[in-house]
Amino acid sequence: MKTLKTLLIITLSLAFFACKAEEKKKVAFTEPMEVAPPISKHSIKVALLLDTSNSMDGLIDQAKSQLWEIVNELSYAKCKHEQPNLEIALYEYGNDNLSSRDGYIRKILAFTSDLDDISKELFSLTTNGGSEYCGTVISASLTQLDWGNDADDLKMIFIAGNEPFTQGKIDYRDAANMAKEKDVVVNTIFCGDYTHGVNTKWKEGAQLAYGDYMAINHNQQTVHIPSPYDDLILQLNIQLNGTYIPYGRYGREKVAVQEMQDANAEEYSKANAVSRTVSKGSHFYNNSTWDLVDAEKEADFSYDKLKKEDLPENLQGKSKAEIKAYVEKQKKERERIQSEIAKLNEQRRAFIANEKKNTSNGLESAMIEALKKQAKKKNYTWN
C-alpha cells in the first residue's frame with residue numbers, strides 16, 4: 001500500500017461533500033512572492049503533516065514519488081461540471097533538528113497552489129530522531145493556516161507517523177474538537193501494524209474529527225508502471241517548458257526550480273517524470289506570479305504595470321503590442337502542447353489500468369472503483 005495514494009483515496013471520498021462553494025475574492029496581481037490560489041467556486045485544501053523522525057525515511061520517499069499521481073487523479077475531478085482548485089500545505093514534526101520550544105514541529109508551506117514549491121520542499125526533507133506530538137502539530141496547522149470561512153470548501157488534514165497519538169502537551173482530543181469547529185476533517189495514517197495503530201489512538205484521533213484511519217507499510221517501494229506513450233509525453237514536456245516567459249524578480253529563479261523538479265521526478269523513474277508532465281498540463285499547474293502567459297489570464301493584470309527590468313532580455317525594448325503578440329503566440333503553443341499531452345495521457349491511463357488488472361493491486365483498486373461509483377451519487381464525476 002502506498003502512503004500518498006492512500007491519502008488520495010480518502011481525499012476523493014471526502015470530496016463528495018464539497019459542491020456548493022461561492023466564488024472567492026480575486027487576488028491582486030503582484031510581484032511573485034507568495035502564490036495565491038486561482039479563483040474558483042470550489043476549493044480543496046489539504047494539509048499534510050509528515051513525521052520526519054529517524055524511522056520515517058520510507059514515508060518521505062513515498063511522498064516524493066507519489067505527489068504527481070495524486071495531483072493528476074484530483075485534476076480529473078469535477079463538481080457540478082466545475083473544476084476545483086487544489087491548495088496544499090506542508091508540515092513536518094518529530095524531528096530533533098526542530099525547536100523543542102515549538103514542540104518539534106515546523107510549518108514548511110502555507111496553503112499554496114504552486115506545485116513546484118511543494119515538490120521542492122518535499123525533496124528537501126530529511127529525517128532525524130525526535131519526539132512526535134500529534135496533537136501539537138494538528139493544533140498548529142489549524143491555527144496557523146488560513147482555512148477560510150466558506151463552509152462549502154473541502155478542508156482536510158492528513159497526519160502520518162508511527163508513535164503514540166497521545167504524546168505531547170496538547171491533547172489530541174482537544175485538537176480534534178478544534179478541527180470540528182473549523183469544519184476540518186482529520187485523517188490519520190499509522191505507519192505500521194493496523195492493530196498497533198488502533199491501540200495507540202490513531203484510529204480514535206481520526207474518528208473524533210470525522211476522518212478515516214489507515215495503516216500502511218511505509219517502507220514499501222513505489223512501483224510506477226511504464227507505458228508506450230511515456231517518451232512522447234516527455235518530449236512534449238521539453239516543448240512545454242519552452243513556452244514559459246519568466247518575468248519579475250523571481251522569474252529566472254522559478255524557471256530553475258521548475259527544471260529541478262523535472263529532474264527530481266525523473267530521479268525516481270521515467271513514469272514518475274511522465275506523471276509530473278501530465279500535472280504540468282493540468283489546470284492545477286498555474287504560475288501566474290512569474291510566467292507572463294499565466295499572468296495575462298488574471299483579471300487585474302495590466303501590461304502597463306510591467307517594467308523593462310522585469311522582462312526577459314528578448315522582450316526588453318519591445319513595444320506593448322509586440323509583447324502582447326509574443327505572449328499570445330506562446331499561449332497558443334502551450335495550449336496545443338497541453339492538448340497533445342492530455343490526449344496521450346488518456347491512452348496512457350487506459351494502458352496502465354489494463355496492466356493493473358494483471359497485477360495484484362487488491363484493496364486499493366477496489367476502493368477507488370467503489371468511491372467513483374459513490375461519487376456519481378454525490379454529483380462528482382471524473383474525466
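The values are calculated or read from the model by the stated rules, or taken from the named source; none is laboratory data. This one's a predicted model, so the numbers in the text were calculated from it and none came from an experiment. Because the Cβ atoms are built from the backbone with ideal geometry, glycine has one as well, and the counts that use them run over all protein chains shown.
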Among the residues of the range 74-86, are any more than 15 Å from Thr126 (Cβ to Cβ), charged (D, E, K, R) and in contact with a Lys or Arg (Cβ under 7 Å, 6 or more places away or on another chain)? yes
All positions within the range 141-155 that are crowded, with 22+ Cβ neighbours inside 10 Å and either in a helix (DSSP H, G or I) or of a type outside the set (D, E, K, R) (or both): Ser141, Leu154
For the range 187-197, state whether one or more residues are buried (at least 16 other Cβ atoms within 10 Å of the Cβ), at positive phi and in the same structural domain as Asp153 (by TED's automatic domain parsing). yes
Taking Asn237 and the conditions (1) more than 21 Å from the chain's Cα centre (by Cα); (2) modelled with pLDDT of 95 or more, which numbered condition does it fall short on, given that it satisfies the others? (1)
Do we find that Gly58 is assigned by TED's automatic domain parsing to the domain that holds Leu154, part of a loop (DSSP other than H, G, I, E, B) and surrounded by fewer than 24 Cβ atoms within 10 Å (Cβ to Cβ) in this structure? no
Which residues, taken from the range 280-291, are buried (at least 23 other Cβ atoms within 10 Å of the Cβ) and touching a Leu at 6+ places or on another chain (Cβ under 8 Å)? Lys280, Gly281
Being farther than 24 Å from Ala110 by Cα and either not in a loop (DSSP other than H, G, I, E, B) or not assigned by TED's automatic domain parsing to the domain that holds Ile138 (or both) is the filter here, so list the residues in the range 156-172 that pass it. none
Note on the range 312-330: residues farther than 17 Å from Ser302 by Cβ and surrounded by 12 or more Cβ atoms within 10 Å (Cβ to Cβ) are Pro312, Gln316, Lys329, Gln330
May I ask you to verify whether Leu125 is at pLDDT below 95, under 30 Å from Asp291 (Cα atoms), surrounded by fewer than 23 Cβ atoms within 10 Å (Cβ to Cβ) and among the aliphatic types (A, V, I, L, M)? yes
Looking at the range 327-344, I want the residues that are at negative phi and touching a residue at least 40 places away in the same chain (Cβ under 8 Å) and have a partner that is surrounded by 12 or more Cβ atoms within 10 Å (Cβ to Cβ) and among the hydroxyl-bearing types (Ser, Thr, Tyr) with Cβ atoms under 6 Å, at least 6 apart or on another chain. Which pairs are those? Gln330/Thr243; Glu333/Thr243; Arg334/Thr243; Leu344/Tyr229
Please verify whether the range 294-309 includes one or more residues that are closer than 16 Å to Asp114 by Cβ, in contact with a strand residue (DSSP E or B) (Cβ under 8 Å, 6 or more places away or on another chain), crowded, with 19+ Cβ neighbours inside 10 Å and modelled with pLDDT of 95 or more. no
Where a residue in the range 102-126 is more than 21 Å from Val137 (Cα to Cα) and its partner, wherever it lies, is acidic (Asp, Glu) and surrounded by 19 or more Cβ atoms within 10 Å (Cβ to Cβ), with Cβ under 7 Å and at least six apart: Ser113/Glu87
Just checking, does the range 254-268 include any residue being modelled with pLDDT under 90, closer than 27 Å to Ser100 by Cβ and either crowded, with 17+ Cβ neighbours inside 10 Å or of a type in the set (Asp, Glu) (or both)? no
Condition check: among the hydroxyl-bearing types (Ser, Thr, Tyr), at positive phi and surrounded by fewer than 22 Cβ atoms within 10 Å (Cβ to Cβ). Does Tyr210 satisfy that? yes
Filtered residue count, the range 118-128, keeping only those that are more than 21 Å from Asp153 (Cβ to Cβ) and either assigned to a helix (DSSP H, G or I) or charged (D, E, K, R) (or both): 6
